[in-house]
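Any read-out appearing in this document is the output of simple, stated calculations on the displayed coordinates, not a laboratory observation. Everything numeric in this text was worked out from a predicted model, so none of it was measured. Heads up, the Cβs are rebuilt from the backbone with ideal geometry, glycines too, and the neighbour counts pull from every protein chain shown.
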Amino acid sequence: MQANVPKRKVLLTALVVSLVCSAVVTVSTILLRPIQEVNRQHYMHLNILKVAGLYQQGVAIEKQLQQLETRLVELETGEFYEMEHPEEYDQHKATKDPKQSIALLPDEDIVRIKRRADYAPVYLTRDDSGRVNRIVVPIYGSGLWSTLYGFIALQGDTETVIGIRFYEHAETPGLGGEIDSARWLKQWSGKVLFDEYWQPKIELVKGGVDHSNPGSLHQVDALSGATLTNRGVENILKFWLGENGFGPFLDVVRSSEGRL
Amino acid sequence: MSSLSTTSTDKCKIALINPLFDSNPITVQILGICSVLAVTTSLKSTLIMCAAVIAVLTLTNTTVSIIRHHIPASIRIIVQMTIIASLVIVVDQFIKAYAFEMSKPLSVFVGLIVTNCIIMGRAEAFAMHNPPGLSFLDGLGHGIGYSMVLIIVATVRELLGTGRLLGYTLMPSVFEGGWYYPNSMMVLAPSAFFIIGLLIWALRSWKSHQVEKDQ
C-alpha cells in the first residue's frame, strides 16, 4: 500500500479492477445461464405437479408430467389453439412481443403487467369418461416488490380450488415471502373462487377466517404484515379468472361440461 | 503477535486455527451475525450459506492479497468492495445453477454476503498486509469459524423448532402424530440471539481470557 500515488495510477487501477470484475461476472452469468434455465423449467414443472396434487417423490418429473395434457388457450375466445409443441410456447416471451400480445388498459390492469399474451398454456387431466377433472393455469402479477409467478389448480367444476403455489417472487422474507409456506397454501384447498353469477370472488381477510360465516368459502386468512402482497394475490386471482384472463376458457369448460 | 522467531508454518497455523475459537468472527468479534439470524432456521440452507461465505472469504482474501501492492490507499476500500461484490454475484449464480432448490429459501441472503463485515474486515485487516497463501488460510479459518457457529445455531433451531434435521424427522412432532411439541420460538430470529449468547458464555467460561475487563 502506497500513501502518495499519482492520480493516473489510481484511475488506472480502478479501471483495470472494474474491467476484470465485470468480465468475471459476465462470463460466469452467461456460462451458467443454460443450466439455470433448465433448473427453472424443472422447478416450474415440479410446481405444476404439486399444485395439481399429482406429485410423487422419486419419479422423474418429466415422466410425471405426461399425466397432464398440455394445451394452449386463446384467452380472448377461451378456445384451444392447436399447436405442434404447446410445451415449447413461452408465455412470458410472447407477452413482450406486440404481435403476440395486447396492451391492457390502466383500469383493466389490476395486476400491473402492462401487456398480456394472446395465448396461455393450460394443463389438464381427465377422468375415465374423458371429462376434464383438473385444470392448472399459470397466474402472475405484481406483489409488493416483485412479480409473483404461480399456478392455480381447479377442479372440473372450474371454481373449487385444488391448490395454489407461487414458484417465483422476491417478497419480504418472513412476511410477504410466506406465500411459499405450506401452512398458508394448505388453507386454499376447497375454497370457491366464483360467486353465483360467475364473477371472481375471493378475499384475503385479516384476523382469521370465521368458518361459521356463510361467505367463508370465498375467504382465505391473509398473511400478516403483508398488506400489499395480499392485495397482489387477490388481484392476480381476480384478473386471471376474469374476462381478460382465463374467464372465457373456464366458461367453455363449463358449457361443454368438461368435454372439450 | 508475529515475532521474528515464529516460523512460517506457525504463522499458517495461527492464520487457520486462531479464528476457530480464539478470535472467532461471530462469538469473539461479534461480526456478521445478521446472516446468522436469517438463514439458520434450517440446517440445509445454512450449509449452502456457509459454503458461499467460505468461497467468497477465501477468494476475496487471496485476490486482494495478490494485488495488494498495486491498490492505492485512497481507493482501497472501493477496490475491495468491487472484488467482494463481483465474487458474491458469481457465487450466487453458481448456487442458482447447481443448488437451485436451496437458492429459494436463501433468497436475498446470499446477495447480502456483500455487506457481511467479516469479509471486508479480513480483506482490510489481513489480506492487505500478508502474502496470498497466508491470506487464503486466514480466509479459510474465518470461514470455518463462522460456519461452526452457524451450524451449531442451525442444528439447535431446526431440531427444537421443527423436530427435524436436514429433512429427517428425529423427534416426531404432535402435528404429525408424534410426541414432540415444536418450540416455534426457535424458528423466529430472536432464538438465534439466545443461542449465540449461550455459545459466547460457554466459550468464555472455557477461555476466560476472552472476558472483557470491567470498565
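Have a look at A:VAL220, A:ALA103, A:SER28 and report the one farthest towards the positive end of the charge dipole of the protein assembly as shown, computed about the Cα centre with Cβ charges (Lys/Arg +1, Asp/Glu -1).
The residue sitting farthest along the positive end of the dipole is A:SER28.
Counting only pairs 8 or more places apart or on different chains, how many lysine pairs in the range A:68-255 have C-alpha atoms closer than 22 Å?
Lysine pair count for the range A:68-255: 12.
Using the number of other C-beta atoms within 10 angstrom as an exposure proxy, rank A:TYR140, A:TYR81, B:TYR168 with the fewest first.
Ascending Cβ contact count within 10 Å gives the list B:TYR168, A:TYR81, A:TYR140.
For the range A:241-252, what does the Karplus curve 6.51 cos²θ - 1.76 cosθ + 1.60, with θ = phi - 60°, yield as ³J(HN,Hα) per residue in whole Hz, taken in order and with x for Gly and Pro?
8, x, 5, 8, x, 8, x, x, 5, 5, 4, 4
Under a straight-distance cross-link criterion of Cα-Cα below 20 Å, which lysines are reachable from B:LYS96, leaving out those fewer than 8 residues away in the same chain?
Once the sequence-local lysines are set aside, what remains near B:LYS96 is B:LYS44, B:LYS104.
Can you find, among A:VAL38, B:ALA73, B:THR46, the residue sitting farthest towards the positive end of the charge dipole of the protein assembly as shown, where Lys and Arg contribute +1 and Asp and Glu -1 at Cβ?
B:ALA73
If you fit an axis through the alpha-carbon atoms of helix A:7-51 and take the longest principal axis of the Cα set of chain A, what angle between them do you get, 0 to 90°, nearest 10?
The two axes meet at around 20 degrees.
Magnitude of the Cβ-charge dipole of the range A:16-157, K/R +1 and D/E -1, about the Cα centre, nearest 20 debye?
620
Quick check: net charge around A:TRP184, other residues with Cβ under 13 Å of its Cβ, Lys/Arg +1 and Asp/Glu -1?
Charge balance in the 13 Å sphere: 0.
Report, in debye and to the nearest 20, how large the dipole of chain A comes out about its Cα centre when Lys and Arg carry +1 and Asp and Glu carry -1 on their Cβ.
Dipole size: approximately 1440 debye.
Report the charge-dipole magnitude of the protein assembly as shown in Debye, nearest 20, computed about the Cα centre from +1 at each Lys and Arg Cβ and -1 at each Asp and Glu Cβ.
2140
Answer with one residue from A:HIS169, A:PRO200, A:PRO138: the one whose Cα lies farthest towards the positive end of the charge dipole of the protein assembly as shown, charges on Cβ with Lys, Arg +1 and Asp, Glu -1.
Selected residue: A:HIS169.
Could you please report the charge total around B:HIS142, scoring K, R as +1 and D, E as -1 over all other residues with beta-carbon less than 14 angstrom from its beta-carbon?
Here the charged neighbours net out to -2.
Just add up the charged neighbours of A:ASP195: K/R +1, D/E -1, any other residue whose Cβ is under 10 Å from the Cβ of A:ASP195.
Charge balance near A:ASP195 sits at -1.
Going by Cα centres, the range B:75-140 and the range A:36-50 are how many Å apart?
What the calculation gives is 29 Å, centre to centre.
Just to confirm the filter: which GluC sites (Glu not before Pro) across the range A:1-85 are DSSP coil and have at most 12 other Cβ within 10 angstrom of their Cβ?
Loop-located and lightly packed - A:GLU82, A:GLU84.
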